[in-house]
Amino acid sequence: MKSIKKKPIMILLMAALMATFIVSLCACGKSDSKKVACVDDLEGSKIGVQLGTTGDIYVSDYENDGSGTKVERYNKGADAVQALKVGKIDCVVIDEQPALAFVKENKGLKILDEEFTNEDYAFCLKKGNTELRDKVNTALEKLQQDGTVQSIIDNYIGSEDQVGKTPYVKKDIDRSNGTLKVGTNAEFPPYEYYEDNKVTGIDMDIMQAIADELGMDMQVEDMQFDAIIAAVSSGKVDV
């Protein structure tokens with residue numbers, strides 16, 4: 001699949017309200033917590049991640065580094081953040097945009113200035129499903145070139161003057177080419193999340209735009225993150 005963009009993975013921590021530097025929960029009365037001020041401090045700390053994410057994969061290397069690092073895995077990023085807030089873990093490794101959303105909603109959280117890593121961001125399809133892959137890639141390339149993808153991104157995470165100004169509008173077209181079944185875990189605002197009982201976000205708008213290009217309906221299946229690859233491989237969902 002064609003790559004969408006580079007997506008930073010960040011480290012999310014509790015910050016002491018009186019401190020001017022990034023600290024862990026020990027500064028908030030949790031004396032047994034480890035201070036995490038940079039990526040190097042992850043060794044020997046208690047790290048929270050969402051199960052099955054690339055953040056989970058990356059930090060698993062720390063579990064066998066001999067420093068006593070512990071990785072706690074949660075079904076939802078929000079559960080990891082809650083564990084951080086009550087002092088069960090020292091930090092959370094999570095994507096940048098969800099991290100920013102959690103910081104906005106939770107007083108006392110702070111993101112480490114240093115990025116943990118950068119990764120390519122793409123949609124995936126079942127191996128061997130070359131016909132649909134080629135159609136989706138062609139549609140995605142067109143939407144990138146005509147500015148639709150960037151407009152969708154700007155509507156969610158653009159400048160102050162851009163956010164909320166260019167919502168994607170589903171096209172009124174013939175949809176006789178079937179249904180595009182999309183699997184996701186709607187726990188990653190602003191990529192995918194619930195609003196008015198509907199899954200929305202950057203990914204969902206891009207997929208709707210692709211479905212519009214292909215003349216297809218779109219059906220969203222919300223599932224646990226670590227179940228998505230199996231769902232794609234088995235044909236339960238297409239992408």
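The values are calculated or read from the model by the stated rules, or taken from the named source; none is laboratory data. Since the structure is predicted, the reported quantities are computational estimates derived from the model, not experimental observations. So basically every Cβ, Gly included, is an ideal-geometry build from the backbone, and we count neighbours across all protein chains shown. To get the accessible areas, we keep the full protein, side chains included, count just its heavy atoms, and leave off ligands, DNA and RNA. Shrake-Rupley method; radii C 1.70, N 1.55, O 1.52, S 1.80 Å.
For region 86-181, the helices (runs of 4 or more DSSP H) that sit wholly inside it and include 3 or more residues that are surrounded by 15 or more Cβ atoms within 10 Å (Cβ to Cβ) and at pLDDT below 90 are 96-105.
Listed by first and then second residue, the pairs linking a residue in region 81-105 that is in contact (Cβ under 8 Å) with a residue 24 or more places away in the chain to a residue that is open to solvent by less than 10 Å² (accessible area, probe 1.4 Å) and charged (D, E, K, R), with Cβ atoms under 8 Å apart and 6 or more places separating them unless they lie on different chains, are L84/D90. Restricted to region 191-239, and to residues there that are outside any strand (DSSP E or B) and acidic (D, E), the residue that is surrounded by the fewest Cβ atoms within 10 Å (Cβ to Cβ) is D196.
Taken over region 148-186, the criterion of being closer than 30 Å to G235 by Cα, among the polar types (S, T, N, Q) and either without any contact (Cβ under 8 Å) to a residue 12 or more places away in the chain or touching a Gly at 6+ places or on another chain (Cβ under 6 Å) (or both) is satisfied by Q150, N177.
Residues in region 130-169 that are over 26 Å from D95 (Cβ atoms) and among the charged types (D, E, K, R): E131, D134, K135, K142, D146. Total residues in region 194-239 satisfying the condition of being modelled with pLDDT of 95 or more and among the aromatic types (F, W, Y): the figure is 1. In region 38-69, the qualifying residues are those that are more than 17 Å from the chain's Cα centre (by Cα), among the charged types (D, E, K, R) and within 29 Å of M223 (Cβ to Cβ), and the one that is most open to solvent (accessible area, probe 1.4 Å) is D61.
For region 109-136, the set of residues classified as under 21 Å from the mean Cα position of the chain (by Cα) and either on the phi > 0 side of the Ramachandran plot or among the polar types (S, T, N, Q) (or both) consists of T117, N118, listed by residue number.
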